[in-house]
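Read through the structure below, which is laid out as structure tokens, and then see the notes.
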């Protein structure tokens, strides 16, 4: 099939929607029952710092049961060996930090039945997955929206929490070189734009595949959505083994139908279970460069390490790597033109390893003399401050978490335990960070350093310089917003997303703690906990996709239709809302 005919055929299938997955078995009502009168509710076990809440492993088993079935959406037949995961949600989370408690996995039997026993009271998220089917969380009508929580009570039995999984889409095709010959070992994968840590970036959105000796690839299990298809050539000699002679030619990353620029690429809209076949992309040859350099440790000595190379064009993912030799030198062969991030790290305990990162622009000419100077792991030290009246309620295990203010390639969050004297010590790489908290029922009130409030602005840890004197004040006086949503006829709804975000636009986007999204539980009630005191907008929308609330333009569009709400510390408010339609 020609690409133009292929795209026309695909458009005809766009009327398909994930709404179809709600038909059949998943349409059965969820049934909730409670234990007979006199059953004792679950009680937390005293112990730890102040006799407060312990970790999930230390608590006694719960008394609730949840069960259901997993079906194929197209046939209605039960799916055996599907996996269902249940994760207990925290009462409060901050800037993407999740303090989950229970996390269990079940596998369906030959009748598609799964069951979880000994669940503790709380709010949970469930996700079902199997092979080439689209994974779905409970309550999802599209994989790009958040799932809905399930409220579990002590001694409760919850039944018919069923899933109906649609088949994922399939994309097959071939990758050819400039002579029309097949290209093996080319990675092909769908990507989509998403706001991540305040930046709109292309992110992988499904399985990746490599072409075989015939240049063929097959992508499967792709959820419905809009994608860009990218093919990335893997250099045959990226690790520096041997020195190429003569001009080096490679292939730059290509977007379908055959462009180097994603702005000119064809965006593919994929429906439920669509099969796109005979997608053909021809890679464009480019003159590649040879990059050589050295890595020095924090003392200026040659450092043996591993070098990771990642494209800095907007997509995540390590492109290649190279071993750094004992004398600290490295060679990268056949590097296509583009923007890259090079990160050298000692292959030792990550908490103690020295590392260094640089950004590099590669053209068609060889580059020599690149120097990466590593820094030792740096420390951020401080102590936690808590109201003495609340100290008895502290969890036995309390974590503070170092989180990058902005996206940092190959860098994540770094947790550290709070000791009995309320001090903490965090190790990390140089950079700008915020402090978050990993503890259910608690949140950060403020972070101070050198008499300045750095709760939201963050603080910088410079290379080879430790930072001390952080003061992290925490509180268990959490704000809570809950309520119901109705339509224009006054009917209560059970499928929507509630968005809460600060009235101050400077607090929009990124990893701000001043926004949250709430989905309704099985009773149709939403609950949002842990926002800082302040003035907010609140709105109920028919749909919100993942990462969308990190887009300031999206928040500006919905601001004029939102209601306003003010929260004081520890305040609980009930807000009933009217459903709004998300504008696209």
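Tabulated data for the structure shown
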| item | result |
| --- | --- |
| Cβ crowding within 10 Å averaged over residues, with 397-404, 268-275, 554-561 ranked highest first | 397-404, 268-275, 554-561 |
| Whole-number percent relative contact order across segment 480-578, with pairs defined as alpha carbons under 8 Å at least 6 apart | 38 |
| Cα gyration tensor category, rounded, prolate or oblate, for segment 370-459 with a/c compared to 1.5 | prolate |
| Cα gyration tensor shape for segment 106-153, rounded if a/c is under 1.5, else prolate or oblate | oblate |
| Packing-based ranking, highest mean first, of 293-303, 327-337 given that Cβ atoms within 10 Å are counted | 327-337, 293-303 |
| Rotationally averaged projected area of segment 169-287 (alpha carbon convex hull; nm²) | 8.6 |
| P(r) weight above 17 Å for segment 263-308, C-alpha pairs, percent | 69 |
| Ranked by how many other beta carbons lie within 10 Å on average, peptides 464-475, 565-576 from highest | 464-475, 565-576 |
| Approximate shape of segment 94-232 as ellipsoid semi-axes (Cα gyration tensor, √5λ), whole Å, largest first | 37, 19, 12 |
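Rule-based calculations on the coordinates, nothing more; no lab input. Predicted model only: the values in this text are computed from it and were never measured. Glycine also receives a Cβ, built like all others from the backbone with ideal geometry; neighbour counts cover every protein chain displayed.
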